[in-house]
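The values are calculated or read from the model by the stated rules, or taken from the named source; none is laboratory data. All of these numbers come straight from a predicted model, not from anything done at the bench. Ideal geometry is used to build each Cβ from the backbone, glycine not excepted, and the neighbour counts take in all protein chains shown.
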Amino acid sequence: MPALTAERLCPQAVFVPPDFTRYRTVSRAVRDILQRHTDLIEPLSLDEAYLDVTQSKTGLPTATRIAKSIRAAIREELNLTASAGVAPNKFLAKIASDWKKPDGLFVIQPDEVEAFLTPLPVGRIPGVGKVTERRLAEVGIKTVGDLRAVDLETLESRFGRYGQRLSELARGIDESPVVADRPTKSISAEDTLEQDVPLEGIEPMIRALAEKVWAASRRESRIPRTVVLKLKTKEFTILTRSQTPAVPPSSCEALIAIALSLRNRVERKPQQWFRLVGVGLSNFRDPHDFHEAVAQPELFD
């Protein structure tokens, strides 16, 4: 639940401000522990990452042994718990890492993939949100096993190119590699509305999405320069508006204000309704580069 919604529902609640400086310090300490085992680390956030341990630096014989060693070191050195998932690919590892939270370890062996996936609800597949899950249920697809039984042509006819991805994931296929130190290009959040709404009715969604994006951006050391608003009409036409202010947004409220101003740049047409809203931050810059650009004096008065 977005904090703005929680505050509206519970005005007497006490909100404790996050300490992102502390979070980043601890995140770096965890990263140091991970690097004892491999240099192939793909961070997802301050507290989550993919590791490729095919070539282990420690010589431990299995990925399971490495996961146990990492969790033990995090507990002993940082007094924190950590969950881990061990699997043949990133898609399965993500599911496995959530399987026994908090403070758990779950392993999916290659010969167990089909049996593990078959009974899972399709909603457990990363990227399958409530809307896609509902569309799948409309044609009788409720589990990963149901999804696997549907031919590729049918899935592509209903879901376009994403149909191929669904078919592959239902079979436990994910060829995406672990990419170390991938720089963040953008952070965004979007949601499909339960019912189409006019332009005037999307403000609550903009506020909620901007809050999610702002919270995610606090995990980054680089500064986002550009704010993006994405809208999809009921006819599935995508509209985007963006702004790169002279000074990047310094608070969630500032981000919301810019996103709402971008809404005002969308032409208001009669009978124009929207089914999807997205808010994003992009054009990330290193703080040093940004401050140098800001400090550059004007050549002409």
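Any chance you could count how many residues in segment 242-257 are among the hydroxyl-bearing types (Ser, Thr, Tyr) and out of contact with any strand residue (DSSP E or B) (no Cβ under 9 Å at 6 or more places or on another chain)?
So the answer is 2.
Please state which of the following conditions residue 183 fails to meet, knowing it meets all the rest: (1) out of contact with any strand residue (DSSP E or B) (no Cβ under 9 Å at 6 or more places or on another chain); (2) closer than 29 Å to residue 47 by Cα; (3) surrounded by fewer than 13 Cβ atoms within 10 Å (Cβ to Cβ).
(1)
When residue 16 is evaluated against the numbered criteria (1) over 23 Å from residue 102 (Cβ atoms); (2) in a loop (DSSP other than H, G, I, E, B), which criterion, by number, is the only one it fails?
(1)
List the number of the failed condition for residue 140; all other conditions in (1) within 14 Å of residue 121 (Cα to Cα); (2) under 23 Å from the mean Cα position of the chain (by Cα); (3) modelled with pLDDT under 95 hold.
(2)
I'm trying to understand the selection: among the residues of segment 240-272, which are surrounded by fewer than 16 Cβ atoms within 10 Å (Cβ to Cβ), touching a Ser or Thr at 6+ places or on another chain (Cβ under 9 Å) and of a type outside the set (Gly, Ala, Ser)?
Of everything in segment 240-272, those that are surrounded by fewer than 16 Cβ atoms within 10 Å (Cβ to Cβ), touching a Ser or Thr at 6+ places or on another chain (Cβ under 9 Å) and of a type outside the set (Gly, Ala, Ser) turn out to be 243, 244, 245.
Restricting attention to segment 28-59, which residues are assigned to a loop (DSSP other than H, G, I, E, B) and small (Gly, Ala, Ser)? Steps first, answer last, please.
Restricting attention to segment 28-59, the residues satisfying the condition of being assigned to a loop (DSSP other than H, G, I, E, B) are 35-40, 46-47, 52-59.
If the condition is that a residue be assigned to a loop (DSSP other than H, G, I, E, B) and small (Gly, Ala, Ser), then 56, 59 are the ones that fit.
Suppose we keep only residues that are in contact with a helix residue (DSSP H, G or I) (Cβ under 7 Å, 6 or more places away or on another chain) and of a type in the set (Asp, Glu) within segment 132-187. Which one would you say is farthest from residue 242 (Cα to Cα)?
Result: 174.
Just for segment 47-78: of the residues that are of a type in the set (Lys, Arg) and closer than 22 Å to residue 101 by Cβ, which one is surrounded by the most Cβ atoms within 10 Å (Cβ to Cβ)?
71
Just one of the numbered conditions (1) polar (S, T, N, Q); (2) in contact (Cβ under 8 Å) with a residue 24 or more places away in the chain; (3) touching a Lys or Arg at 6+ places or on another chain (Cβ under 8 Å) is not true of residue 83; which one?
So residue 83 meets the others, but not (2).
For segment 164-201, what are the residues that are farther than 27 Å from residue 52 by Cα and among the small types (Gly, Ala, Ser)?
Residues satisfying the conditions are 189, 201.
Does residue 249 meet the test of being within 21 Å of residue 24 (Cα to Cα) and modelled with pLDDT of 90 or more?
Spelling it out, residue 249 is indeed within 21 Å of residue 24 (Cα to Cα) and modelled with pLDDT of 90 or more.
Of all residues in segment 100-115, which are crowded, with 17+ Cβ neighbours inside 10 Å and either in contact with a His (Cβ under 9 Å, 6 or more places away or on another chain) or without any contact (Cβ under 8 Å) to a residue 24 or more places away in the chain (or both)?
The answer is 106, 108.
Inside segment 273-287, can you point out the residues that are surrounded by 17 or more Cβ atoms within 10 Å (Cβ to Cβ) and over 19 Å from residue 216 (Cα atoms)?
Residues of segment 273-287 that are surrounded by 17 or more Cβ atoms within 10 Å (Cβ to Cβ), as a first pass: 274-281, 284.
Those that are surrounded by 17 or more Cβ atoms within 10 Å (Cβ to Cβ) and over 19 Å from residue 216 (Cα atoms): 274, 275, 276.
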